[in-house]
1. Could you check, for the range 131-150, whether at least one of its residues is over 16 Å from the mean Cα position of the chain (by Cα), open to solvent by less than 70 Å² (accessible area, probe 1.4 Å) and not polar (S, T, N, Q)?
2. Looking only at residues in the range 134-165 that are part of a strand (DSSP E or B) and in contact with a Lys or Arg (Cβ under 8 Å, 6 or more places away or on another chain), which one is farthest from PHE308 (Cα to Cα)?
3. For the subset of the range 334-354 comprising residues that are open to solvent by less than 50 Å² (accessible area, probe 1.4 Å) and of a type in the set (S, T, N, Q), which member is farthest from THR222 (Cα to Cα)?
4. Confirm whether GLY106 is modelled with pLDDT under 95, more than 15 Å from LEU83 (Cα to Cα) and open to solvent by less than 10 Å² (accessible area, probe 1.4 Å).
5. So which residues in the range 193-215 are in contact (Cβ under 8 Å) with a residue 24 or more places away in the chain, open to solvent by 70 Å² or more (accessible area, probe 1.4 Å) and not in a helix (DSSP H, G or I)?
6. Is it the case that some residue within the range 253-262 is of a type in the set (Gly, Ala, Ser), out of contact with any Gly (no Cβ under 6 Å at 6 or more places or on another chain), surrounded by fewer than 17 Cβ atoms within 10 Å (Cβ to Cβ) and free of Cβ contacts under 8 Å to residues at least 40 places away in the same chain?
7. Output the residue which, of all residues in the range 167-177 that are assigned to a strand (DSSP E or B) and modelled with pLDDT of 95 or more, is least open to solvent (accessible area, probe 1.4 Å).
8. Filter the range 268-326 for residues that are assigned to a strand (DSSP E or B) and open to solvent by 50 Å² or more (accessible area, probe 1.4 Å); which is farthest from THR350 (Cα to Cα)?
Amino acid sequence: MILNKKTVIGVMAASCVLVVGTGINVHAATIGTSVGAAQVLGNNIQADADNSQVVKKAAKKKETVEKKEEKKATSVIDGIENLGVASVENHLNIRESASEDAKLVGVLQNNAGCNIIETQGDWSKIKSGKVTGFVKSEYLVTGEKANKIAEEVMTTVAIVNTETLYVREEPNKNVGIVTMVPIEEELEVKEDLGDWLHVEIDEDDSGYISKEYVVLSHKLKTATTMSELKYGEGVSDVRVDIVQYACQFIGNPYVWGGTSLTNGADCSGFTMSVMAKYGVYLPHSSSAQSGCGTKVAAEDALPGDLFFYGDGGINHVAMYIGNGQVVHASSAKTGIKISNAFYRTPICVTRVLD
């Protein structure tokens, strides 16, 4: 084939057109690919956003579950399913309903325990000892934090399950009896000796009991009821007043040799200081106080009468408050508290109020 100048120029022109055309197609394909990539990127961004929402929801769900688990943490205290521990400087009021204007039905001392029945807004319905009512939830520690506090402050108690339990001088049934304790009374365990328990009675007294006559349990302090102050017919106003006055110091500390109703008193310091407010002046000794006033039978005791206890000699005194109960500065561990008047055998009862 003979190529002339025109032919060559024509072929070149055609080739250029072909190249240019091909370039246009390639560019279009590249644009198409870029658009596709942008679409994929957009899809990935959306997927990431969706995944982020899923992660957030999962985290929130986990947090909710963890909170519920914390609230329902297995309690270390026997007989309590959902443990709450009071965290207050003095005491926490328990009311009849979820209102600060509701009737007062009891109080919880600091570190006292309760079973949380349900929560209603800012209030929790609780049961502690003999008291059921409502407290402000902000003053209760719950979950594992409550368990941690409970493990630090709880005591092991021996609950008597026989009609009368002998507390002995030594872990042996053939030795002398320190005192006798009635059924359902609780004794704090100082030491577990296997078949025997070393128990605390009061600050000055301890003894040994056979484990076969008790049930062991872990306990926290529980609520004090308002109905624990019940008076018999014909009780004078002064006796009502003196018992109410004495009971306002429940939960305050026991201090050996002390006479302060707020900062610490021992058993005779407590009764001495309470009586002094009503013009009755007693010596600072339980043994000496037992010689004051008139002796009466325990079954005839009136609120304000004094119950005396001891092992052979008198070394502990408590004030009768009616309803078979006494208030007393018991020990350094429990402070001022209410007990069954026959939590141990009284040696004598005296009447120092007219």
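1. No: the range 131-150 contains no residue that is over 16 Å from the mean Cα position of the chain (by Cα), open to solvent by less than 70 Å² (accessible area, probe 1.4 Å) and not polar (S, T, N, Q).
2. Taking the range 134-165 and keeping what is part of a strand (DSSP E or B), we get 134-136, 140-142, 155-160, 164-165.
Narrowing the set further to residues that are in contact with a Lys or Arg (Cβ under 8 Å, 6 or more places away or on another chain) leaves 134-135, 142, 155-158.
Details: PHE134: 37, VAL135: 37, THR142: 40, THR155: 26, THR156: 26, VAL157: 23, ALA158: 23 Å.
The extreme case among them is THR142.
3. Narrowing the range 334-354 to residues open to solvent by less than 50 Å² (accessible area, probe 1.4 Å): 334-336, 338-339, 341, 343-344, 346, 348-350, 352-353.
Filter again for of a type in the set (S, T, N, Q), leaving 334, 339, 350.
On the way: THR334: 12, SER339: 13, THR350: 30 Å.
Only one residue fits best here, namely THR350.
4. Details: modelled with pLDDT under 95: yes; more than 15 Å from LEU83 (Cα to Cα): yes; open to solvent by less than 10 Å² (accessible area, probe 1.4 Å): yes.
So GLY106 passes the test.
5. Result: ASP195, GLU203, ASP204, VAL215.
6. As a first pass, look at the range 253-262 and keep what is of a type in the set (Gly, Ala, Ser): 257-258, 260.
Narrowing further to those that are out of contact with any Gly (no Cβ under 6 Å at 6 or more places or on another chain): 257, 260.
Narrowing the set further to residues that are surrounded by fewer than 17 Cβ atoms within 10 Å (Cβ to Cβ) leaves 257, 260.
Then drop every residue that is not free of Cβ contacts under 8 Å to residues at least 40 places away in the same chain, which leaves 257, 260.
Within the range 253-262, one or more residues are of a type in the set (Gly, Ala, Ser), out of contact with any Gly (no Cβ under 6 Å at 6 or more places or on another chain), surrounded by fewer than 17 Cβ atoms within 10 Å (Cβ to Cβ) and free of Cβ contacts under 8 Å to residues at least 40 places away in the same chain.
7. Restricting attention to the range 167-177, the residues satisfying the condition of being assigned to a strand (DSSP E or B) are 167-168, 177.
Now narrow it down to the ones that are modelled with pLDDT of 95 or more: 167-168.
Details: VAL167: 0, ARG168: 34 Å².
Looking at residues that are assigned to a strand (DSSP E or B) and modelled with pLDDT of 95 or more, I get VAL167.
8. Of all residues in the range 268-326, those assigned to a strand (DSSP E or B) come to 294-296, 306-311, 313-322, 325-326.
Restricting the remaining residues to those that are open to solvent by 50 Å² or more (accessible area, probe 1.4 Å) gives 294-295, 311.
Working: THR294: 5, LYS295: 4, ASP311: 18 Å.
Here the residue is ASP311.
The values are calculated or read from the model by the stated rules, or taken from the named source; none is laboratory data. Computed from a predicted structure; not experimentally measured. Every residue, glycine as well, gets a Cβ built from its backbone with ideal geometry; the counts of neighbours run over all protein chains shown. Accessible surface areas use protein heavy atoms only, side chains included; no ligands, DNA or RNA. Shrake-Rupley method; radii C 1.70, N 1.55, O 1.52, S 1.80 Å.
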